[in-house]
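Okay, so here's the structure we're looking at.
Every number here is computed from the coordinates shown, using simple stated rules; none is lab data. Keep in mind it's a predicted model, so treat the numbers as computed, not measured. Cβ coordinates were reconstructed from backbone atoms using ideal geometry, including for glycine residues, and neighbour counts include every protein chain displayed.
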Amino acid sequence: MDEDHRISRAAAPAKCGDVAEELAYRLRQQKLTAAFGEYALRARDVTDMLQEASRVCALGLNSQFCKVMEYLPAEGRFLVKSGVGWRDGVVGHARVGADAESPTGYAFQTGEPVISNHLSKETRFRTPSLLAEHGIRRAINVLIQGDGDRYGVLEVDSPNEGWFSPADLAFLQGFANLIGVALERHRVEEALRASEARLQDALTHQEILTREISHRVKNSLAMVAGLLGMQRHAISDPGLARVLDDAQGRVMTIAQVHDQLWRANEVHMVDLAPFMGALCTQLRESAAPGLSLECDFAPVKLVTDQAIPLALLANELVTNAFKYAYSKAGGSVQVTIRVIDPGQLRLTVCDRGRGLPAGFDAAEASSLGMTLIAGMGRQLRGRSEWRDAQPGTCYVLDFAAQQDA
């Protein structure tokens, strides 16, 4: 704060002195108060702010000594938190009694300001040893308080003869009020920062737990898939073998999805293209000879709660196309996810195979695969349609991409 360097110095007016002199002195105090108020609103460091308050208060009352005393409840005493004029080792270290028999303690406990222009003749209070050691002859004290508890006391001291007036008291009280507001602002900001830090810690912990859960789910599902595979090799019934193959494939798909979630940078959102691309790689590796898969995905992000059913739906559709669309000669299946409108996506799975059976009605289909396809579509809250591609079949699902919560 350098505003006070541009404020002309005015001598403290003598008691019953010149009116013009008094006016100039009070005007200077007002300017110092206004400049400090501006500084206090910008200040980020409490210690620096209190030190500046001490310096400017001493300047405003033409005194060599000033201090801010913070009350320490655990000790029942004051700490000289900041100050000017005091010998080395006082500021930040010295303690002062807070009992009502001292001017400082009285101002703090009662909330009433104290002016003592003749400490040596004072009968109301004892003179604190710190003041006596510095030859202080007069002192003025006011309470510092924000919206909450009392913080401490602002005190200006002088070793010179003279007097502190009620107008000086008004200046000092106004200054203490500014300090109280600034301290309250810092307290609120610190509480907000602490709350944000705790919230961030909780979110980080939650993310770690989510990753760990996804990792464990993936391992458990892989174990289930392994058991299904072992059971598959132990039976000879072709129909039952196909059922177990289908079940194993579905379990492995879910395990793959959780594996990707565990490895992703985010657990609540996924990058659609690499997420679905990994699924396509897995489907290609499991495809029979002669079957191929073409994939094209928009570079968008999707919430995990949608990405999982979308991947399961695509897996079921591609698996069905591989099984039923082509003869032994094989063929190709195309999977695309495109943006059709802002916030709207379209999943398309097409083949060029034998097409839908005559009289096909998706609503009447009762197979497990068709039930899963219908269920995943409903979970995505989409509008689905089976189309005759002539040749082949296309499944189309339009759905709204959810926003991150």
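Some notes on this structure:
- Modelled label positions at residue 169 and residue 134, each set 7 Å beyond Cα in the direction of Cβ, lie 2.2 nm from each other.
- Taking a ≥ b ≥ c as the square roots of the Cα gyration tensor eigenvalues, segment 62-152 comes out oblate, since a/c reaches at least 1.5 and a/b does not exceed b/c.
- Seen from residue 376, the other residues with C-beta closer than 13 Å to its C-beta sum to a net charge of +1, counting Lys and Arg as +1 and Asp and Glu as -1.
- In nm, spacing of pseudo-spin labels at residue 339 and residue 150 (7 Å Cα→C-beta vector): 6.2 nm
- Cβ-derived FRET efficiency at R0 56 Å, residue 189 paired with residue 286, nearest 0.05: 0.50
- Cα Rg, Dmax (largest Cα-Cα span) when computed across the chain, Å: 39.6, 117
- Integer Hz, Karplus 6.51/-1.76/1.60 couplings in order for segment 301-309, x for Gly and Pro: 9, 9, 5, 4, 5, 9, 4, 5, x
- In this rough spin-label picture, where each label sits 7 Å from Cα along the Cβ direction, the residue 365-residue 233 distance is 3.2 nm.
- Farthest positive-ward along the chain dipole, Cα basis, beta-carbon charges - from 401, 128, 91: 401
- When you restrict to C-alpha pairs under 8 Å that are six or more residues apart and normalise by the size of the chain, the relative contact order lands at 9 percent.
- Between the Cα long axis of helix 238-263 and the first principal axis of the chain there is an angle of about 20°, rounded to the nearest 10.
- In this Cβ point-charge picture (+1 for Lys and Arg, -1 for Asp and Glu), the chain has a dipole of about 500 debye about its Cα centre.
- Segment 304-405: antiparallel DSSP beta bridges as a percent of all, rounded to 5: 100 percent
- Pairs of C-alpha atoms in segment 268-405 farther apart than 22 Å represent 35 percent of all such pairs.
- Packing here is the average count of other Cβ atoms within 10 Å per residue, and on that basis the peptides 331-337, 160-166, highest first, run 331-337, 160-166.
- Ranked by how many other beta carbons lie within 10 Å on average, peptides 383-390, 177-184 from highest: 177-184, 383-390
- Volume of the Cα convex hull of segment 3-193, divided per residue and given in Å³: 116 Å³
- Stretch gain in nm, segment residue 245-residue 118, where the contour uses 0.36 nm per residue and the Cα spacing is subtracted: 35.7 nm
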